[in-house]
Amino acid sequence: MNIESKDQKNIVRLVLVCGAVLALFLGAKFIHEVDAIGDDMNEITPTISVSGEGEVFAVPDVAKISFSVRTVKSSIALAQDEMNIKTNAALKSIESFMVAEKDIKTVDYSAYPEYSTPYYGCYSASCPPVKQPKITGYVASQRIEITIRDTEKVGEIVDALGENGVTEISGPDFSLSDEKGAEQEARAKAIADATEQAEILAKDLGVKLGDIVGFSEDGGGYPMPYMMKAESAMDAGSTVSASLPVGENKITKNVTITFELEQ
């Protein structure tokens, strides 16, 4: 046997040995990965998700009302002057109710011309040309919002405004000064409700509750405003005060809690 043939055989043996070692390495790695996947699957913990609801009823202790004054005159200056007189009279009428200055604010103020556009009701080709709109007057308008922290005075304040030339009154919008406190109480009730339901379910399933691994919440309570026109607050010559029941606000919270289960 020549030297060249001997070297070729040695190379073939080396390749076979390397291939066998590589195959053993890959096989061992594959088995290890399969075992790891199996371990991970064994580590998956079952869970349950349960929803709960909590409600809190609270009597509102804050009210907001707003009123508008609108005047129309032959000039903006005259309209503004009259509007200012009426607005100041309306504000003066509520001074005795001790509404703080910080609780009175203007939410809208505008002054603009008012136009009239003639309408002829003509649809033929011989219709006369449409005339340009004419200014019929100038409008000044102001809207003021009042926050009332003594809800027992709301009806009297509405009456006082209605007697002093305001154009429109809207409200009252009743709310809670401590809205967050009521929400926290409702949330605590919802969590207790969800936890109680989860304990009952776990008992029925023959398992135990583990750690909380998920939580979400939604929901809230919103007051409903009471709308009225100024003239309905008090008829001319009437001495009957407006009756504006405060009622209750309902704050609702809904939560969903996910628990681990233990065998």
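Across segment 64-111, what is the number of residues that are in contact with a Leu (Cβ under 6 Å, 6 or more places away or on another chain) and either free of Cβ contacts under 8 Å to residues at least 12 places away in the same chain or of a type outside the set (Phe, Trp, Tyr) (or both)?
Here is the first cut: in segment 64-111, the ones in contact with a Leu (Cβ under 6 Å, 6 or more places away or on another chain) are 67, 90.
Pick out the ones that are also either free of Cβ contacts under 8 Å to residues at least 12 places away in the same chain or of a type outside the set (Phe, Trp, Tyr) (or both) and you get 90.
The total comes to 1.
Determine which single condition PHE25 fails, assuming it passes every other condition in (1) modelled with pLDDT of 95 or more; (2) exposed (fewer than 12 other Cβ atoms within 10 Å of the Cβ).
Status for PHE25: all satisfied but (1).
Return the residues of segment 156-188 that are farther than 14 Å from PRO60 by Cβ and in contact with a Ser or Thr (Cβ under 8 Å, 6 or more places away or on another chain); say none if nothing qualifies. Walk me through it before giving the result.
Going residue by residue through segment 156-188, those that are farther than 14 Å from PRO60 by Cβ are 156-170, 180, 183-188.
GLU156, ASP159, ALA160, LEU161, GLU163, ASN164, VAL166, THR167, GLU168, ILE169, SER170, ALA186, listed by residue number.
The values are calculated or read from the model by the stated rules, or taken from the named source; none is laboratory data. Just so we're clear, the structure is a prediction, and the values are computed from it rather than from any experiment. For neighbour counting, all protein chains shown are included, and Cβ atoms are generated from backbone atoms with ideal geometry for every residue, glycine included.
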